[in-house]
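Chemist: Below: one structure in structure tokens.
The values are calculated or read from the model by the stated rules, or taken from the named source; none is laboratory data. Keep in mind the model is a prediction, meaning the values are calculated, not measured. Neighbour counts run over all protein chains shown; Cβ positions are idealised from the backbone, glycine included. All accessible areas refer to the heavy atoms of the entire protein, side chains included, with ligands and DNA or RNA removed. Shrake-Rupley method; radii C 1.70, N 1.55, O 1.52, S 1.80 Å.
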Amino acid sequence: MSTTDLLTVSEVAARSGFAASALRFYEREGLISASRTSGGQRRYARSVLRRLAFIRAARNVGLSLDEVAGALAALPAGRTPTRADWTRLSRSWRRRLDDQITALEKLRDGLDSCIGCGCLSLKRCAISNPADIAATAGAGAAYLPRALRPT
């Protein structure tokens with residue numbers, strides 16, 4: 001297979017580990033692109049595999065689809081991204097990842113101390129949420145570190 005050969009949906013799905021429905025979704029969202037055959041079937045350039053690996057990595061570290069789309073928009077459309085392209089892009093995430101690591105460490109350490117009280121019941125625990133004061137903070141996990149809450 002040549003590097004210029006176009007790949008079918010099933011080939012890209014098999015190589016990337018994404019379901020065909022995810023490929024269609026990412027295409028609809030503008031994260032990847034495909035050409036069409038005369039019969040209307042999707043065909044992907046091989047470079048889409050790198051974009052999909054990038055999407056998976058970015059989502060695994062907690063980036064939103066909007067952040068992923070912004071990052072991919074900064075990459076060249078007419079050529080396969082180079083190592084320098086990826087390096088420039090990943091540097092912009094460093095602060096975000098550092099904040100996320102700090103929040104995860106705080107969460108981990110908080111879980112240890114909560115379980116350490118011995119009651120093992122967050123439902124009845126007077127330490128973790130006495131008189132349901134967390135309800136005043138609104139919906140969601142009020143005690144979860146901010147960097148770990150979905151936006």
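Chemist: Among the residues of the stretch 52-66, which ones are closer than 19 Å to Ala147 by Cα and in contact (Cβ under 8 Å) with a residue 12 or more places away in the chain?
Modeler: Ala58, Val61, Gly62, Leu63, Ser64, Leu65 - these are the residues of the stretch 52-66 that are closer than 19 Å to Ala147 by Cα and in contact (Cβ under 8 Å) with a residue 12 or more places away in the chain.
Chemist: What about Leu52, is it open to solvent by less than 50 Å² (accessible area, probe 1.4 Å), in a helix (DSSP H, G or I) and aliphatic (A, V, I, L, M)?
Modeler: yes
Chemist: Check Arg24, Arg42, Arg15, Arg36 and return the single one that is more than 22 Å from the chain's Cα centre (by Cα), more than 16 Å from Ala73 (Cα to Cα) and open to solvent by 70 Å² or more (accessible area, probe 1.4 Å).
Modeler: One residue alone meets the criteria, Arg36.
Chemist: Continuing with this model, one more query. Scan (1) open to solvent by less than 40 Å² (accessible area, probe 1.4 Å); (2) more than 20 Å from Val68 (Cα to Cα); (3) out of contact with any Leu (no Cβ under 7 Å at 6 or more places or on another chain) for the single condition Val9 breaks and write down its number.
Modeler: (3)
Chemist: Looking only at the stretch 1-58, which residues are modelled with pLDDT of 90 or more and of a type in the set (Phe, Trp, Tyr)?
Modeler: Matches in the stretch 1-58: Phe18, Phe25, Tyr26, Tyr44.
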